[in-house]
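Taking it in order: structure first as structure tokens, then the write-up.
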Amino acid sequence: MLDIDFVRGQFPAFAEEGLAGQAHFENAGGSYACAPVIDRLTRFYHDRKVQPYGPFGAAERAGAEMDEARARLAGLLGVETDEVSFGPSTTQNAYVLAQAFRQFLSPGEAIVVTNQDHEANSGPWRRLEEEGIEIREWKIDPETGHLDPAALDPLLDEKVRLVCFPHCSNVVGEINPVVEITARAHAAGAFVCVDGVSYAPHGFPEVGAMGADIYLFSAYKTYGPHQGIMVIRRALGEALPNQGHFFNGDTLYKRFTPAGPDHAQVAACAGIADYVEALAAHHEIGAGCVHDLMRAHETRLLQPLLDAVADRPGVRLLGPRDAASRAPTVALALTRPALEAATALADHGIMAGGGDFYAVRPLQALGVDPERGVLRLSFVHYTSEDEVARLIAALDAVL
């Protein structure tokens, strides 16, 4: 069992007077930062806010901490150190990758995208149609939002070079079988790009074992600073045209960062690994088991929430009713604008979101008006059982 008191003690936000009595249920938009990240960021600005890698102490410390962040995140993800790159956001990282594929592919070749994705892993690829690249859409079930792996097979042939899909959608929540889908794509000779933004906060996946060629997620949703993190496996990363400065082309992690990264925020990302290791040490488990620890806690708290909203009149739950098959990101389509409901929940001390959450295509595919949007209730492992009970009570009052 997760020691929730220990966990919450690692997040300074829970001790902030301005947040007292507020239950955070918009974690899919950004999680609280853990103390090790905040400490490292503060230390960097105090002690090493200079050009890194220079021949003097502060610069050496800055560069070493940036290198540490990359190495330790690579260890968490089960990939090589130089296969981890940093960028300003996942949206920007995907855009840069799309420009690389624009040069890499020939007119007439194809990319498969889904209508389940956040726009970050959909829009940049779809724009390549203007360059003569064929875009094929892998469609979700319009009733359930389910992305059927078997429905991918008819889209695959020798022309398909890339398949893009989410680990889980930021409104549907269902966890897609990345290993199975990747195997299908690879068997057809295609590379795979997985948007892990909505999954990674619920336990870092072992990307190396999944087989994906690209895996994207956001540090600010995994308890860190506002950075995008991308894994690009070596075979693909070295094959794609360099998007960075020409003289950095031989360094894998610099090939897809046209501008220099935010040094302080990169260095602070080592604090994410500090936190995961602290969780593992406190619970006397290996760091690789933290994923399961987080998921077990979240699943236990999620099922009562799903049960409370699944059959409520005037409410449509998007995605599965079974907590074990989804992330704790719960989107509800209502008979009134979702932002109104989120605003009403705020009066009950519940911080939630209402809108389209850049998931316009999934909402349209599900028959939900993006202008009305959905009420999104999202939590992570630091959420307590009491907070979920408070949320359910607030929903009873508001809905």
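The values are calculated or read from the model by the stated rules, or taken from the named source; none is laboratory data. The model shown is predicted, which means the values in this text are computed figures rather than measured ones. Note that each Cβ is placed from the backbone with ideal geometry, even for glycine, and that neighbours are counted across all protein chains shown. Each accessible area value is taken on the protein alone, full model and side chains, heavy atoms only, with ligands, DNA and RNA left out. Shrake-Rupley method; radii C 1.70, N 1.55, O 1.52, S 1.80 Å.
A few points about this structure:
- Subset tally (residues that are farther than 20 Å from I272 by Cβ, among the hydrophobic types (A, V, I, L, M, F, W, C) and in contact with a helix residue (DSSP H, G or I) (Cβ under 7 Å, 6 or more places away or on another chain)) for region 59-98: 2
- Exactly one residue out of A33, A13, A28 is touching a strand residue (DSSP E or B) at 6+ places or on another chain (Cβ under 7 Å), open to solvent by less than 50 Å² (accessible area, probe 1.4 Å) and either in a helix (DSSP H, G or I) or closer than 25 Å to A327 by Cβ (or both): that is A28.
- Selection of first residues in region 358-378 that are assigned by the TED database to the domain that holds E340 and modelled with pLDDT of 95 or more and of second residues that are among the hydroxyl-bearing types (S, T, Y) and not in a loop (DSSP other than H, G, I, E, B), restricted to Cβ pairs under 7 Å at least 6 apart or on distinct chains, gives the following pairs, ordered by first then second residue: R376/T329; S378/T329.
- Test set (1) at pLDDT 95 or above; (2) surrounded by fewer than 23 Cβ atoms within 10 Å (Cβ to Cβ); (3) out of contact with any Phe, Trp or Tyr (no Cβ under 9 Å at 6 or more places or on another chain) - D311 fails condition number: (1)
- Residues of region 59-91 that are part of a helix (DSSP H, G or I), among the small types (G, A, S) and either within 16 Å of D262 (Cα to Cα) or touching a strand residue (DSSP E or B) at 6+ places or on another chain (Cβ under 7 Å) (or both): A59, A62, G63, A64, A69, A74.
- Lone qualifier among H348, H283 - being more than 20 Å from the chain's Cα centre (by Cα), surrounded by fewer than 21 Cβ atoms within 10 Å (Cβ to Cβ) and under 16 Å from L391 (Cβ atoms): H348
- Test result for A324, modelled with pLDDT under 95, within 25 Å of R8 (Cβ to Cβ) and open to solvent by 40 Å² or more (accessible area, probe 1.4 Å): no
- Close contacts from region 386-399, counting a first residue that is assigned by the TED database to the domain that holds D347 and a second that is among the charged types (D, E, K, R) and crowded, with 19+ Cβ neighbours inside 10 Å, with Cβ to Cβ under 6 Å and a gap of 6+ residues or different chains, come to none at all.
- Matching entry among A94, A62, A69 (being of a type in the set (G, A, S) and in contact with a Lys or Arg (Cβ under 8 Å, 6 or more places away or on another chain)): A62
- Restricting region 132-149 to residues that are among the hydrophobic types (A, V, I, L, M, F, W, C) and in contact with a helix residue (DSSP H, G or I) (Cβ under 6 Å, 6 or more places away or on another chain) leaves a set whose member that is most open to solvent (accessible area, probe 1.4 Å) is I135.
- Test result for G87, open to solvent by less than 20 Å² (accessible area, probe 1.4 Å) and without any contact (Cβ under 8 Å) to a residue 24 or more places away in the chain: no
- Restricting region 384-399 to residues that are acidic (D, E) and touching a helix residue (DSSP H, G or I) at 6+ places or on another chain (Cβ under 9 Å), the residue that is least open to solvent (accessible area, probe 1.4 Å) is E387.
- Every test in (1) at pLDDT below 95; (2) of a type outside the set (G, A, S); (3) more than 22 Å from the chain's Cα centre (by Cα) is passed by T257 save one, and that test is (3).
- Any hit, region 362-383, residues being among the basic types (K, R), farther than 20 Å from F11 by Cβ, open to solvent by 10 Å² or more (accessible area, probe 1.4 Å) and not in a strand (DSSP E or B): yes
- Residue count, region 27-85 (criterion: more than 21 Å from the chain's Cα centre (by Cα) and either β-branched (V, I, T) or at positive phi (or both)): 3
- Positions within region 212-229 being over 22 Å from A280 (Cα atoms) and open to solvent by 30 Å² or more (accessible area, probe 1.4 Å), in sequence order: H226
To keep it simple, each residue is scored yes or no on (1) touching a helix residue (DSSP H, G or I) at 6+ places or on another chain (Cβ under 6 Å); (2) part of a helix (DSSP H, G or I).
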residue	(1), (2)
G319	no, no
A333	no, no
E340	no, yes
L345	yes, yes
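- Residue selected from region 247-266 under the condition small (G, A, S) and closer than 23 Å to G237 by Cα, by the criterion least open to solvent (accessible area, probe 1.4 Å): G249
- Among the residues of region 150-209, the ones that are among the hydroxyl-bearing types (S, T, Y) and either open to solvent by 50 Å² or more (accessible area, probe 1.4 Å) or part of a helix (DSSP H, G or I) (or both) come to 1 in all.
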